1. Given a Förster distance of 25 Å, report the FRET efficiency between Lys15 and Ile120 from their Cβ-Cβ distance, rounded to the nearest 0.05.
2. Could you derive backbone 3J(HN,Hα) for segment 117-132 from the dihedral phi with the Karplus parameters 6.51, -1.76 and 1.60 (θ = phi - 60°), listing whole Hz in sequence and x where the residue is Gly or Pro?
3. Out of the trypsin sites (Lys or Arg not before Pro) in segment 1-97, which ones are loop residues according to DSSP with at most 13 other C-beta atoms within 10 Å?
4. Classify segment 50-97 from the C-alpha gyration tensor, please: rounded if a/c falls under 1.5, else prolate or oblate depending on whether a/b exceeds b/c.
5. Do any GluC sites (Glu not before Pro) in segment 1-108 lie in a DSSP loop with no more than 12 other beta carbon atoms within 10 Å, and if so, which?
6. Which lysines, if any, have their Cα less than 28 Å from the Cα of Lys156, not counting same-chain residues under 8 positions apart?
7. Report the one residue of Ala153, Ala50, Pro143 whose Cα lies farthest in the direction of the positive end of the charge dipole of the chain (charges on C-beta: Lys and Arg +1, Asp and Glu -1; origin at the Cα centre).
8. Over segment 46-111, what is the relative contact order in percent, taking alpha-carbon pairs closer than 8 angstrom and at least six residues apart?
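Laboratory data are not the source of any read-out in this text; all were calculated from the coordinates shown. What you are looking at is a predicted structure, and each value in this text was computed from that prediction instead of being measured. Cβ atoms come from the backbone with ideal geometry, glycine included; neighbour counts cover every protein chain shown.
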Amino acid sequence: MKIYDEQSIRRDYEKLTKLLIEKNLTITTMESATSGQIASLITDTEGASAILKGAFITYSNEAKILQGVPKEIIDTYTVYSKETATAMAKACKKVYNADISIGVTGTMGNVDPANKNDSIPGQVYFAIGVGEDFKAYFIELEPQPTRLMYKLAVAKEIYERIIQSI
């Protein structure tokens, strides 16, 4: 089982936030599965207001649609897809005009009662936009001991991809 260390992840996000401040790059997120955890990790570092333009927590399909994710994408590809994650990253980028945008959707430790047929615990989709270049990812997490550890595990995986992208 892959072990995620909370303090290490928090240090990673402190480094990321300082790097974004240094490079004068802004960031935004639209988070479902992580429920704002990534934005929270970013804002744990002093000075984050210089780079975090804003963030959305879109836990329901309705919230995603209200914030700009086309309903047709969710209907066609399901809420748990690279296409939806990319649409989330594009929607928050459009609203906040940030240099980097993140969209994340997936299922943590249990089946989503609102999307039973499409929900597979541990499957997470996320997209990272840097400028106009968007890349989508799929990961499958091993069971984690708590919901927080699921969120931190996803945050770690996203952190690694962001560092490679900037």
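1. Values: r = 32 Å, r/R0 = 1.28.
After rounding to 0.05, the efficiency reads 0.20.
2. Ordered by residue, 3J(HN,Hα) equals 6, 10, 8, 10, x, x, 8, 10, 10, 8, 9, 10, x, 10, x, 9 Hz.
3. Of the trypsin sites (Lys or Arg not before Pro), the ones in loops of segment 1-97 whose Cβ has at most 13 other Cβ atoms within 10 Å are Lys2.
4. Prolate, because a/c is 1.5 or more and a/b exceeds b/c.
5. Here the GluC sites (Glu not before Pro) that fit, given the DSSP loop and packing criteria, are Glu46.
6. Lys2, Lys15, Lys18, Lys23, Lys53, Lys64, Lys82, Lys90, Lys93, Lys94, Lys116, Lys135
7. Ala50
8. 27 percent
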